[in-house]
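Only the coordinates and a few stated rules stand behind these numbers; no lab work does. Keep in mind that this is a model prediction, so the values were computed, not measured. In this analysis, Cβ positions are derived from the backbone assuming ideal geometry, glycine residues included, and neighbour counts consider all displayed protein chains.
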Amino acid sequence: MNTDSLLSMTGIDKRFAGIPALAAASFSVGRGEVHALIGQNGAGKSTLIKVLTGYYRRDAGEVIFDGKPFEVTSPQQAQASGISTIYQEINLVPYRSITENICLGREARRYGLLDWKCMHQEAEALLQRFNVRADVRRPLMEFNTATQQMVAIARAIGFSAKLVIMDEPTSSLDEREVSVLFNVIRQLKQEGVSVVFVSHKLDELYEVCDRVTIMRDGRTVRTAAMNEIDRIGLVSSMLGRTIDRAEGHATAFSDRDEKKIGEVLLSAESLAIGQIVRDVSFNVRSGEIAGFAGLLGAGRTETARLVFGIDRPRAGKMTFNGQEFDPHNPSDAIAAGMGFCTEDRKSEGIVPDMSVAENMMLALMPKLSKSGIIDEKAQREIVERFIRQLGIKCSGPDQKVRELSGGNQQKVLLGRWLAMNPRLLILDEPTRGIDVGAKGEIQALIKTLADQGLAVLMISSELEEVIEGADRVFVLREGVSVAQFGRDEATEDAVMSAMAHGSAPAIAEAAT
Amino acid sequence: MTDTARQQRVSRPLDLFEFMARYGTLIALALLILFNFAFTRNFATMQTLNVNLTQVCTIVIVAVGMTLVIATGGIDLSVGSLMAISGALAPMIFLGKIVPIDNVALAVAAAMIIAIGVAGLFGLFNGWLIARFRIQPIVATLVLFIAGRGIAQVLTNGNLQTFRVPEFQWIGLGRLFGVPVQVVLMVLLVIAAAFVLKRTVFGRQIIAIGGNERAAELSGIAVAKVKLIVYAISGLCAGIAGLVVIAINSSSDANLVGMGMELDAIAAVAVGGTLLSGGKATIIGTLLGAMTIQLVRYTLLANGVPDAAALVVKAGIIVLAVWIQQQGRAA
Amino acid sequence: MTENRPGTRLISLLGSYGVVLALLLLILFGWARYDYFLGLFNITSVLRYNSMFALVALGMCFVIMTGGIDLSVGSTAALGSVVAALASPQGPWIGLGAGLGAGLLVGFINAIMVTRLKIMPFVATLAMMLAASGTALLLADNQSVSVSYESGFTSIGQDNFLGFPIPAWIALVAYVIGWIVLNFTSTGRGVLAIGGNEDATRLMGLPADRIKFLVYLASGGLAGLAGVILASQFGAGQPIEGVGWELFAIAAVVVGGTLLTGGVGSVGATLAGVLLLGILFNVLNFENGKGWISLSAYWQSVIRGLFLLVVVILQAKLSSRGSVAVRDH
Amino acid sequence: AAPPLKKKDTYKVGFAQTESNNPWRLAQTASMQEEAKKRGWQLVYTDAASSAAKQVADVNSMIAQGVDLIFLAPREEKPLIPAIKAAKNAGIPVILLDRNVDASLAKAGEDYVTFIGSNFIEEGQRVADWLVKNANGKTTIIELEGTTGSSPANDRKKGFDDVIAKHPEFKIVASQTGDFARDKGRQVAETLLQAHPDANVIYAHNDEMAMGAISAIEAAGKVPGKDILVLSIDGGKEAVQAVVDGKIAAVVECNPRFGPKAFDTAVAYANGEKIPEKIINPDQFYDASNAKDLLSTAY
Ligand SMILES: Nc1ncnc2c1ncn2[C@@H]1O[C@H](COP(=O)(O)OP(=O)(O)OP(=O)(O)O)[C@@H](O)[C@H]1O
Ligand SMILES: Nc1ncnc2c1ncn2[C@@H]1O[C@H](COP(=O)(O)OP(=O)(O)OP(=O)(O)O)[C@@H](O)[C@H]1O
Ligand SMILES: [Mg+2]
Ligand SMILES: [Mg+2]
């Protein structure tokens, strides 16, 4: 292979409780190269990375880094040897300030003590590279996911590393931010730094990557130069079967039958809570997929939280199913027939130590019980059905959900709400971090459900997903619903410009 | 894929540590019993069993409530004080110090219900602090740990209450089919709690809250309500245990009833294999844990190990038991 | 972050300094109500006595900031006092070193249990609480051990320096060091990071285990130091002293606004918490002199419980209001 | 010499109690409070909650409040010395109650006025002496100790064990702590009776544990007083009643009613009378021969 290779991993094995996650995987990265690592959910990408950085101990295999055998037992050592990593789930410390999150581990010192002033400046400067403006002294938890992700990236870049690994860094970024990130990646490349880039968004790979390695079931199945392999080639290698679907649509939402759309189920008028949501009006009809588009921080998630009763609005009113609707807590919303798949599955979704079955049944459980006692049999049937239907990759309903790959965890959560048979399903970034295969399945599933009469409120930062998937698109900007588009009006340009500038007449339109 | 993975898991060579983790407490208990058969005089008798079972009862009863609390990720330091409160109240009622009641059965029934109920209410108060104000459980229950015993002492003015009321003392001294009533009570509570945890919605909700409170809330679980109930149950259990203790001793001493019980109960839960961080729980484990600790105590006493050295040995055994389980988890 | 309503700042400021405010109010109350409350004798004796708790609480504060807990501090102090007393005939420094060493040894074992054997801190230190107390009793033969009055060991606990008790100086120095470590060293920041998200801290490449190790070691050492003061202040190593110190320390730390889940904490507020609880005892004693509650000593525990209740509720209210705009991720 | 006490009609005196977690202490406190009320003196009462260190702090706060005299029931012999010295420096006389302090470190008449109380070692001796005389072949002894490390536990053990050691026919087969508590005493007795079925004497360091031991004996199907002799110290009413009932064989009184004598001593001291270095309370001894008659006088 490349003689000038920076990293070469061969024959890597890793088993969890006897089950192989990696089987003779190999991977190599050249100097100054941007190398894509792709594969289905659970293919072993994150595991490979964690083995490399010493978070997991490998069961077999050899790693050569920078010409020398590489034996690290902790991320700390990996970092010291020049490998800087952004892990898949944002792994930062929420209570601590941005500065600390960026500078922890390589603090600036003066007279042996920390030099806060210098560190704040450094953090600000790093974030500047990503066009992020934030008070770096504030705790990280006060910022939204995108900013947190940017902080994680800034932190990794801040170490002068030979290799920067990014495990799905773009899953919580919008296009604007992605392009900023890509600029940074190109800069890194120019500086001779190698980058490993994991993503499920194939377009992105073509934009920045030089080569790609494809994993399947814990093995490396193919490595190729990016320009030698087309999308279909990528996808078939990933899935392990030839696919022939034409590339007309980026998503699996095929055109929908308008006639199936029914009455207005949920309508919200002038919702407001503080600065985040100031004036949002929209409605969702049964059998319809309504989309929320907007830049990060536009207030989409917060609006969904208001609808679901997690937060209470300060102003505005909602009706659901023709009745006034004022949920005090999520169980009110659930009782009314709603489900909410949150965007942050780690902290708001899964119960890590519970099994797949228990996680999936969490919301349905009370309904499946007789006088408080769980009906195990009925439960098992439902769980097994959803595992099959959603193609969840797990060793069985009793496996701990924490052991699943990110994408499969997301499917479990979808299952949790689908099992409820809700009337309205709110999906916040439903396909974030989900591989192309599963993504298509999930999108198709959403469509089928809508066809069966379910109302869907879908928040997505992937413009294509909203535009192709939604029957109507509501655009939010800085906490205000600024525009509404029907299926035919919703072109990429129109939606984008509304997201960025808003359009005054559209507000009036949305309010009616 | 699903099936192959499953098979692999089953056909894997028996993992010593996982085995130990699952059965560690049981093994420890068995070893202790064997040791006693070999070295402790007069061990293999019914009376020994009787002594140990009756002595472990109160700890188990309290530890059952504690297990539920710990499963939600909380802790309850106030159990000892609540035992004192219920132990102080009951005699005041059946001895007619508050309002004279002529009918003994009525008086005893009132005493039991009110004493346990009050303990339950105090437990509810703990839950309220924790659910409503989001105060950390250790601190929230520390309030009643300090004030609770004071309340019991104020009620009785610190005085010892002695009594001979067989109707009441039945729960401490009576027998049902030859089995001490308190043991029956303990077994019933253990079975009930184990059933609740394993088979009911409520039990599942407890575990979910301990595992990820936000996710639980977003799945429509009434987190605050569940917590309230769990702490109330812990209070009720403490209340019952308080009555058992005073019944056996024919006396209630607000100053001492339940002293140090919180640590015994927590140790039993931990040795039994329940994670103190919540999200996992085993009631049977708690029972075994309590029995292990009891048997250690018995062994040390019966073999004349001085108190000071006994403390060190007890510490070692707690650490060892928990460490073995820890190994199983890590493997 | 986007929220900048006036008043929010004030409230969040109150949240972090609420304990200081409460402390000032309590002192004001004492001053107004009792003669001699702010007399030099009372001040120095309160400081002298509470310096032991201050040391223990400082260690506890660091442990809690990592998300752990150390229940063994009380019996460690007792053990430290016994060892120091046994060594006291060799002079103050050796006595001090011995007590400190005993504490460090206990801390070391705690640290091993927590970081190597991965035993939950609550259980590990609970066991250590029993073990240290047993060891103290064994070493002391179940009795108090007299210190040597000739060697000058007692001056550590009983003498003054610049008009202030030496134990208070020791505590003060410890707090200054603690403050610097927490705010101006990477270890200190690591402590908070671990408490905030241990897994992330590891992935970020920080030596999480080493930091935790140091924290338990320090807690043991500080408890040992408290033991030295105990022995020299009261002239005896006391194997049965230290009961309930851990709860006092936890309460002080929490009253000081440190989160028990870790990740957030303050050294200064912990000191204020210690003083607040310590002075409350003192106030109760003075109140007894007024003949109000001396009818029954039991009211004292009720009052102490209620006081703790009020403080923690206030704290909970203030801290949740100060961050009303912040979703707690 | 100890600091003087001015003659006044009433005084503000401090009483530093060690703990309030057992009937004996409660009776002592009550007696002190009653006496103060009767004489119209102001009593500053503190409770050290079983901590010698806190007791010193309590005494210091009394000094700060400027009391005229301090009654101190020292929790331990050594750790309370600093409190006594501090009081002396502040010119406040101290009278010790029920437990003494280390004589090599503080002297009666010099650092404090006097010690009023009983002698724990002697209490143990009296029990042992009675047993030696009245054993009737019951020679296998289980001892229930008080709280490990506390001075009454240490002394009552020493007094008893020393006498027993001189009589080789007696044997202490087990000696474990029951923490001065009824429940713990009962549990320990149950266990020890199980491990030593041949035991026929139980010596408990206080009434509470003795009552617990009786429950244990009954639970083991034996008869207290007949199969097993129970011996105790303290002599509260419940225990004396048990002697009358034949369940306890003998009990040494340790009278907690210190009030009258303590306050009398203070007045005498103010009057300039000469106070002896030790004032030992005459303590009753109850056994079957006199319990019935004396039951009414038991505290
Ligand atoms: N800690 C663990 N315990 C048990 N199994 C695990 C653990 N971590 C990962 N696995 C398993 O290893 C396999 C590979 O997971 P990994 O997270 O590496 O996938 P991935 O390729 O990163 O997927 P995704 O795209 O969804 O992030 C999965 O089958 C997963 O269930
Ligand atoms: N925890 C928080 N504390 C304070 N402000 C927040 C927090 N989370 C989000 N915000 C702010 O609220 C606004 C809207 O956030 P929201 O998460 O609702 O947006 P969104 O459109 O859903 O974006 P995203 O795709 O990141 O979820 C943004 O200005 C953001 O900075
Ligand atoms: Mg992954
Ligand atoms: Mg969002």
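Defining a contact as two alpha carbons under 8 Å apart and six or more residues distant in sequence, what relative contact order in percent does segment B:58-259 show?
45
Using the Cα atoms of the protein assembly as shown to build a convex hull, what is its mean projected area in square nanometres?
The directionally averaged projection comes out at 56.8 nm².
Per residue, what volume in Å³ does the convex hull of the Cα atoms of segment A:258-511 enclose?
It is 122 Å³ per residue.
Can you tell me the relative contact order of chain D? Whole percent, Cα pairs under 8 Å, sequence separation 6 or more.
The normalised contact order for chain D reaches 17 percent.
For segment A:5-239, give me the percentage of DSSP beta bridges that are antiparallel, rounded to the nearest 5 percent.
The antiparallel fraction comes to roughly 55 percent.
Determine the principal axes of the Cα atoms in chain D, then give the extent along each, sorted from largest to smallest and rounded to whole angstroms.
Result, largest extent first: 60, 36, 31 Å.
How much FRET efficiency would the formula 1/(1 + (r/R0)^6) give for A:Ala125 and A:Ala500, where r is the Cβ-Cβ distance and R0 is 25 Å, rounded to 0.05?
E between A:Ala125 and A:Ala500, to the nearest 0.05, is 0.40.
Quick one: which residues, 5 or more positions from D:Val44 or on another chain, have an amide H under 5 Å from its amide H? H modelled 1.01 Å from N in the peptide plane, none for Pro or chain starts.
D:Val13, D:Gly14, D:Phe15
Just want the answer: with Cβ charges of +1 for Lys and Arg and -1 for Asp and Glu, which residue in D:Ala219, D:Thr297, D:Ala53 is farthest toward the dipole's positive end in chain D?
The residue sitting most towards the positive pole is D:Ala53.
Run the reach check for A:Lys201 against aspartates and glutamates, Cα to Cα strictly under 13 Å, same-chain hits fewer than 8 apart removed. What comes back?
Straight-line reach from A:Lys201, under 13 Å: A:Asp167, A:Glu168, A:Asp174, A:Glu175, A:Asp435, A:Glu462, A:Glu464, A:Glu465.
Taking amide H positions as placed in the peptide plane 1.01 Å from N, state which residues far from D:Gly225 in sequence (5 or more) or on other chains have amide H under 5 Å from it.
D:Val230
With each run of n ≥ 4 DSSP H residues scored as -39500 (n - 2.57), what mean residue ellipticity at 222 nm is computed for chain C after dividing by its residue count and rounding to the nearest 500 deg cm²/dmol?
So the calculated ellipticity at 222 nm is -24000 deg cm²/dmol.
For the cross-link pairs D:Lys78/D:Lys107; D:Lys37/D:Lys261; D:Lys133/D:Lys171; D:Lys8/D:Lys278; D:Lys38/D:Lys237, which exceed 19 Å when the distance is taken from alpha carbon to alpha carbon?
Cα-Cα > 19 Å for D:Lys8/D:Lys278; D:Lys38/D:Lys237; rest within.
Beyond 17 Å, what share of the Cα-Cα pairs of segment A:118-199 is found? Please give it as a whole percent.
Cα-Cα pairs of segment A:118-199 separated by over 17 Å account for 43 percent.
If you project the alpha carbons of segment A:5-239 onto the principal axes, what extent comes out on each, in Å, largest first?
Between the extreme Cα coordinates on each principal axis of segment A:5-239 lie 50, 36, 33 Å.
Between D:Ile280 and B:Leu31, with labels modelled 7 Å along Cα→Cβ, what's the label distance in nm to one decimal, could you check?
5.3
Once amide H atoms are built 1.01 Å from N in the peptide plane, which residues 5 or more positions from A:Leu37, or in another chain, come under 5 Å H to H?
Amide H to amide H, under 5 Å and 5 or more residues apart or across chains, A:Leu37 pairs with A:Phe197, A:Val198, A:Ser199, A:Thr213.
Determine which aspartates and glutamates satisfy two conditions relative to A:Lys377: a Cα distance under 18 Å, and not lying fewer than 8 residues away in the same chain.
A:Glu358, A:Asp398
Using alpha-carbon pairs under 8 Å, 6+ residues apart, how would you state the relative contact order of segment A:258-511 in percent?
Contact order relative to length: 28 percent.
With labels modelled as points extended 7 Å from the Cα through the Cβ direction, what inter-label distance (nm, one decimal) is found for D:Ser104 paired with B:Val104?
5.9
Where the Cα atoms of segment C:157-274 are projected onto their three principal axes, how long is each span, largest first, in whole Å?
The principal-axis extents, from largest down, are 49, 32, 25 Å.
Rg/Rh for segment B:58-259 to two decimals, with Rh computed the Kirkwood way over all alpha-carbon pairs.
With Rg and the Kirkwood Rh in hand, the quotient comes to 1.01.
Over every pair of different alpha-carbon atoms in segment D:177-232, take the mean of 1/r and invert it; report that Kirkwood radius in Å.
After inverting the mean inverse Cα-Cα distance, the result is 10.5 Å.
So, in nm, how far is label A:Arg31 from label B:Lys225 when the simple model puts each one 7 Å beyond its Cα toward the Cβ?
Spacing of the two 7 Å Cα→Cβ label points: 6.6 nm.
Can you give the average number of partner chain beta-carbon atoms within 10 Å of each beta-carbon in peptide B:318-324, as a whole number?
Going residue by residue through B:318-324 and averaging, the value is 6.
Quick one: helix A:492-501 against the long Cα principal axis of chain A, what's the angle to the nearest 10°, folded into 0 to 90?
90
Evaluate peptide C:72-81: per residue, the Cβ atoms of other protein chains within 10 Å of its Cβ; return the mean as an integer.
1
Considering every residue in C:125-133, what mean count of other chain Cβ atoms within 10 Å of its Cβ is obtained?
Other-chain Cβ atoms within 10 Å of each residue's Cβ, averaged: 6.
Relative to 2.2 N^0.38 Å, what does the C-alpha radius of gyration of chain C come to as a ratio? Two decimals please.
1.01
With angles folded into 0 to 90 degrees, how steeply does helix D:120-134 sit against the dominant principal axis of chain D? Use alpha carbons for both and round to 10.
Taking the Cα atoms of chain D, the angle to D:120-134 is about 30 degrees.
Name the residue farthest towards the positive end of the dipole of segment A:1-144 from the options A:Gly105, A:Thr85, A:Thr73, assuming +1 on Cβ of Lys and Arg, -1 on Cβ of Asp and Glu, about the Cα centre.
Farthest towards the positive pole: A:Gly105.
I want the antiparallel fraction of DSSP beta bridges within the protein assembly as shown, as a percent rounded to 5.
45
Relative to the compact-globule scaling 2.2 N^0.38 Å, provide the ratio for the alpha-carbon radius of gyration of chain A.
Normalised Rg, Cα atoms only: 0.99.
Between the helical axis of A:116-129 and the dominant principal axis of chain A, each derived from Cα atoms, what acute angle in degrees is found, rounded to the nearest 10?
It works out to around 70 degrees.
Which of the lysines could a cross-linker bridge to A:Lys162, judged by Cα under 21 Å and excluding same-chain residues fewer than eight apart?
Partners found: A:Lys45, A:Lys50, A:Lys68, A:Lys189.
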